[in-house]
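Just so it is clear, none of the values below were taken in a lab; they were calculated from the coordinates. These figures come from a predicted structure and were not determined experimentally. Don't worry about glycine lacking a Cβ; one is built from the backbone with ideal geometry, like all the others, and counts go over all protein chains shown.
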Amino acid sequence: MTQKYRAASQDDLIWHALDSMTLLFHRPSGITHMLAEPAPDLLQVMGDAPLAASEIASRLSALFDIETEGDAEDIVLARLEELSLLGLVSKVSG
């Protein structure tokens, strides 16, 4: 079974662009995170649906009109694991 991930609710997040970084305040934890690309875009394309890393990679490639490379899914998966440790993404069953 493929691991799926869900982004934190948009109601729990306050976004602020800051040059090449994005400040993201996570209301439940009270922590402000500094995110570099591609993390902000990754969270945005996830929406409210639980998605697998391959689905997120496909959405990102469509959004930026780029071809998905062989390692794109691995890169997305690594970012998802980092975001999960921050509490901005959670692993879900199914």
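Which one is farthest from Leu63 (Cα to Cα) among residues in segment 16-32 that are surrounded by 11 or more Cβ atoms within 10 Å (Cβ to Cβ) and of a type in the set (Ser, Thr, Tyr)? Lay out the reasoning, then the answer.
The first filter runs over segment 16-32 and keeps only residues surrounded by 11 or more Cβ atoms within 10 Å (Cβ to Cβ), leaving 21-27, 29, 31-32.
With of a type in the set (Ser, Thr, Tyr) added as a condition, the list becomes 22, 29, 32.
Details: Thr22: 18, Ser29: 30, Thr32: 26 Å.
Selected residue: Ser29.
For residues that are surrounded by 12 or more Cβ atoms within 10 Å (Cβ to Cβ) and among the hydrophobic types (A, V, I, L, M, F, W, C), scanning just segment 1-13, find the one that is farthest from the chain's Cα centre (by Cα). Only one residue tops the list, namely Leu13. Pairs meeting the criteria (first residue in segment 1-22 and more than 14 Å from Leu86 (Cα to Cα), second residue surrounded by 15 or more Cβ atoms within 10 Å (Cβ to Cβ) and among the polar types (S, T, N, Q), beta carbons under 8 Å, at least 6 apart or on different chains) are Trp15/Thr22; His16/Thr22.
Condition check ((1) of a type in the set (S, T, N, Q); (2) out of contact with any helix residue (DSSP H, G or I) (no Cβ under 8 Å at 6 or more places or on another chain); (3) within 23 Å of Ile75 (Cα to Cα)) across all residues:
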{"site": "Thr2", "(1), (2), (3)": "yes, no, yes"}
{"site": "His16", "(1), (2), (3)": "no, yes, no"}
{"site": "Ser20", "(1), (2), (3)": "yes, yes, yes"}
{"site": "Phe25", "(1), (2), (3)": "no, yes, no"}
{"site": "Gly30", "(1), (2), (3)": "no, yes, no"}
{"site": "Ala39", "(1), (2), (3)": "no, no, yes"}
{"site": "Gln44", "(1), (2), (3)": "yes, yes, yes"}
{"site": "Ala49", "(1), (2), (3)": "no, yes, yes"}
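Candidates Leu83, Leu35, Leu77: the one that is surrounded by 14 or more Cβ atoms within 10 Å (Cβ to Cβ) and either β-branched (Val, Ile, Thr) or not in a helix (DSSP H, G or I) (or both) is Leu35. Here is the figure for segment 39-58: residues that are assigned to a loop (DSSP other than H, G, I, E, B) and of a type outside the set (A, V, I, L, M, F, W, C) total 3.
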